[in-house]
Amino acid sequence: MALPNVNSPIWTDIVSGKKEVGFEFLAVKIFLGTARIQVKNDPGKAAAVAKELYALFEKNQSLPSVQKDVLKLK
Amino acid sequence: MQSKLMNLEEAKKVLSGSGVYMVAADNKVINQLPKGNWIGGTIPYFMASEGGVIDQNRVFITELPSSVQFKDIRFCDEGSIASVYQKIPQNGLGMIIIPALTSTHLSFAVNARNYKEFAQRPLVGWIAGAHLNELSTVKPKVINGLTGEVSESKAIVMNLALAANYYCDVGIVNIFDQGSGDTLEFPESGFEASHVLVNGKQENFADYVVKNKINIKLPLVADYAGAKINVSFQNIDEKARKVSFYAPVFQGVSYRQAGNVADYIGRFSNELPKDSSQIAFSCNCILNFLYSELEGKKTSTITGPITFGEIAYQLLNQTMVYLTIGKS
């Protein structure tokens, strides 16, 4: 399954905590642990942080855990 | 996983091979090893095939699988470590060892999350230490196996690429869950805290720990989008009214102290991945070793150094870290 487009609102929904997803990929969980605080403290950073989250998925698409997580991005 | 605690002569033979290795050994022996594609750090605590051991004469070597291709080794100080994630090859990984209680260790712990490309590629490793009875006289060290150069202040990083069609992933085993107690938030990030917000109300944290008879063997646990991330207590200074930790607490993160764990070995076994055949490297925390009295006990077939901190993208405490390498 293909990744949602980098400009899809799903990425900002995830980094803002509006959308909760039970991810498996540890890097995403650790990234979000920090990213959500950054966005909470400065909502203006949401778009930039969302792009970082997209890049994390894009760079690691070959991992089975990421492939499972991509299926949850609906 | 090709890993084993072995005597010095055997270690010299193994490291003379053409593989890529992670090495852990006490200060007394680590600088007697031959040059090669490896990085090492000082520690005399291990989870070996015979169980938890303290050994200042033998060497623990993990040989990484042949799907791993050596790229480079470099030292990083507290400034240059900021590019650690950027320099990891695409479809590769970085292995790192940092000497404990150095400015590089403290800086990485606090600032890694702000480094460029944080967590975009796998970074795995541990914090080097020393025998606890010798900490006042022996400094933790790391070593560049290629050159034999030793550092008591810088991190050593080995960048690796993976062969086509291989991937690597990083996992953690944390036997602790958030307990049902107070929610704790800290107004400032760092390895020390004077103040804390307890369910939103500010208190002195040292006073809080003493008043509530907090068992400091149980870490503070944060929930990072489903990952349980610990911060372990180091000391309560009642006079200075400060609490120190083995990893930083972060402003904005909500913590709860871990609930009790009745059966460490049983809990650990339950949390381990069912298939350990792809595990290429692992390390576990010295606080787990000490508090759970693991000397002479086996936690599983997974072996590795017992360390002063674990790294899975960022610094962790009281957690087992493992690296898996598989074929797509």
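Hey, what number do you get for chain B at 222 nm if only DSSP H runs of n ≥ 4 count, each worth -39500 (n - 2.57), divided across all residues, to the nearest 500? Walk me through the intermediate numbers first.
Numbers: 5 runs with 38 residues, N = 328.
Result for chain B, helices only: -3000 deg cm²/dmol.
Here region B:139-170 is scanned for amide nitrogen atoms under 14 Å from the site 7 Å beyond the Cα of B:Gln56 along Cα-to-Cβ, giving B:139-140. Comparing A:Val15, A:Val28, A:Val49 in a Gaussian network model of chain A (Cα springs below 10 Å), the most mobile by mean-square fluctuation is A:Val28.
Using R0 = 22 Å, the C-beta based FRET efficiency linking B:Gln2 and B:Asp72 works out to 0.50. About its Cα centre, the dipole of the protein assembly as shown is roughly 600 debye, where the only charges are +1 on Lys and Arg Cβ and -1 on Asp and Glu Cβ.
Result for chain B in a Gaussian network model with C-alpha springs under 10 Å: among B:Glu78, B:Glu203, B:Glu185, the largest mean-square fluctuation is at B:Glu203. A simple spin-label model places the labels of B:Glu10 and B:Ser244 3.8 nm from each other, with each point 7 Å out along Cα-to-Cβ. With 29 Å as the limit on Cα-Cα distance, the pairs of A:Lys40/B:Lys228; B:Lys71/B:Lys154; A:Lys68/B:Lys298; B:Lys116/B:Lys141; A:Lys59/B:Lys13; B:Lys141/B:Lys274 that go past it are A:Lys68/B:Lys298; A:Lys59/B:Lys13; B:Lys141/B:Lys274. Spatial offset of region B:268-328 relative to region A:26-67 amounts to 25 Å, using the alpha carbon center of each. Computed on chain B, with alpha-carbon pairs under 8 angstrom and 6+ residues apart, the relative contact order is 22 percent.
Shielding value for B:111-119 is 4, the average number of Cβ atoms from other chains within 10 Å of each residue's Cβ.
Please compute the net charge surrounding B:Ile73, taking Lys and Arg as +1 and Asp and Glu as -1 over other residues with Cβ under 13 Å from its Cβ. Spell out each step's value before the answer.
Numbers: positive: B:Lys35, B:Lys71, B:Arg74, B:Lys87, B:Lys154; negative: B:Asp72, B:Glu149.
Residues close to B:Ile73 contribute a combined charge of +3.
Only Cα pairs under 8 Å and at least 6 apart count here; give the relative contact order of region B:184-257 as a rounded whole percent. It would help to have the intermediate numbers written out before the result.
Working: 149 pairs, mean separation 29.7, N = 74.
Result for region B:184-257 is 40 percent.
Go ahead and collect, in residue order, the members of region B:39-75 whose backbone nitrogen is under 19 Å from a label point 7 Å along the Cα-Cβ direction of B:Arg267. Answer for region B:39-75: B:52.
Compute the label zone of A:Val6 within region B:115-141: residues whose backbone N is under 15 Å from the point 7 Å along Cα-to-Cβ. Correct set: B:117. Can you tell me what percent of all Cα-Cα pairs in the protein assembly as shown are more than 38 Å apart? Percentage above 38 Å: 16. Using C-alpha pairs below 8 Å separated by at least 6 residues, the relative contact order for chain A is 46 percent.
None of the figures in this text is laboratory data; all of them are computed from the coordinates on show. These numbers come from a predicted model, not from an experiment. Because the Cβ atoms are built from the backbone with ideal geometry, glycine has one as well, and the counts that use them run over all protein chains shown.
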